[in-house]
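Step one of this worksheet: look at the structure below.
The values are calculated or read from the model by the stated rules, or taken from the named source; none is laboratory data. Here the structure is a predicted model, which is why all the values come from computation and not from measurement. All Cβ positions, glycine included, derive from the backbone under ideal geometry; neighbour counts span all protein chains shown.
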Amino acid sequence: MGASSPDALLAELPPDRAELLGRACALVNRHLLPGFVERVSGEMIAWTAGDGPGAPMYAALASQKNYAALYLQGVYASPEASARLRAAYAAASRKLDMGKSCLRFRAADELDEAALGEALRAWTAEGFRAAVG
């Protein structure tokens with residue numbers, strides 16, 4: 001893969017994976033506050049806190065061998081945000097397959113949009129840049 005845009009990266013994936021990541025990408029884009037920049041980073045769709053070199057990655061999507069992964073650096077930068085996300089999934093009786101650095105999912109309906117939306121809106125780009133230096 002050598003995609004130069006998120007759309008190009010999705011086009012390189014098998015159709016089922018492209019649809020899954022496309023739906024997750026749309027969810028992220030619906031909830032991010034202004035100031036985050038969508039781009040390709042390696043083989044991931046990434047959102048960075050700003051457009052310049054060294055802008056920290058806030059969120060990312062990747063197609064792994066057996067699942068898709070949503071990386072939520074804003075959640076991992078804050079124990080409170082992590083606890084809120086876990087509690088929201090539990091309150092909604094939803095399974096949360098969350099590792100140390102990513103939320104794993106195999107189908108779009110495994111994503112709790114309300115909980116993820118809250119997590120994604122928890123930081124402004126400026127606030128995240130300041131927090132992670």
* To do: Select from region 1-38 the residues that are within 12 Å of the chain's Cα centre (by Cα) and among the basic types (Lys, Arg) and write down the one among them that is farthest from Arg129 (Cα to Cα).
  => Arg23
* Do you know which of the residues in region 83-106 that are part of a helix (DSSP H, G or I) and in contact (Cβ under 8 Å) with a residue 12 or more places away in the chain is surrounded by the fewest Cβ atoms within 10 Å (Cβ to Cβ)? -> Arg86
* Asked: Is region 68-79 home to any residue that is at negative phi and without any contact (Cβ under 8 Å) to a residue 24 or more places away in the chain?
  -> yes
* **Top-ranked residue in region 71-106 [being of a type in the set (S, T, N, Q) and closer than 28 Å to Ala55 by Cβ; ranked as modelled with the highest pLDDT]** => Gln73
* **One residue from Ala46, Ala55, Ala60 being in contact with a strand residue (DSSP E or B) (Cβ under 9 Å, 6 or more places away or on another chain), surrounded by 13 or more Cβ atoms within 10 Å (Cβ to Cβ) and in a loop (DSSP other than H, G, I, E, B)** => Ala55
* To do: Look at Ala18 and say whether it is exposed (fewer than 14 other Cβ atoms within 10 Å of the Cβ), aliphatic (A, V, I, L, M) and without any contact (Cβ under 8 Å) to a residue 12 or more places away in the chain.
  => no
* Structure fact -> Every listed condition ((1) of a type in the set (Gly, Ala, Ser); (2) touching a helix residue (DSSP H, G or I) at 6+ places or on another chain (Cβ under 7 Å); (3) farther than 20 Å from Leu96 by Cα) holds for Ala68 save (3)
* Structure fact -> Considering residues that are loosely packed, with under 12 Cβ neighbours inside 10 Å, under 17 Å from the mean Cα position of the chain (by Cα) and either at pLDDT below 90 or outside any helix (DSSP H, G or I) (or both), the number found within region 107-133 is 1
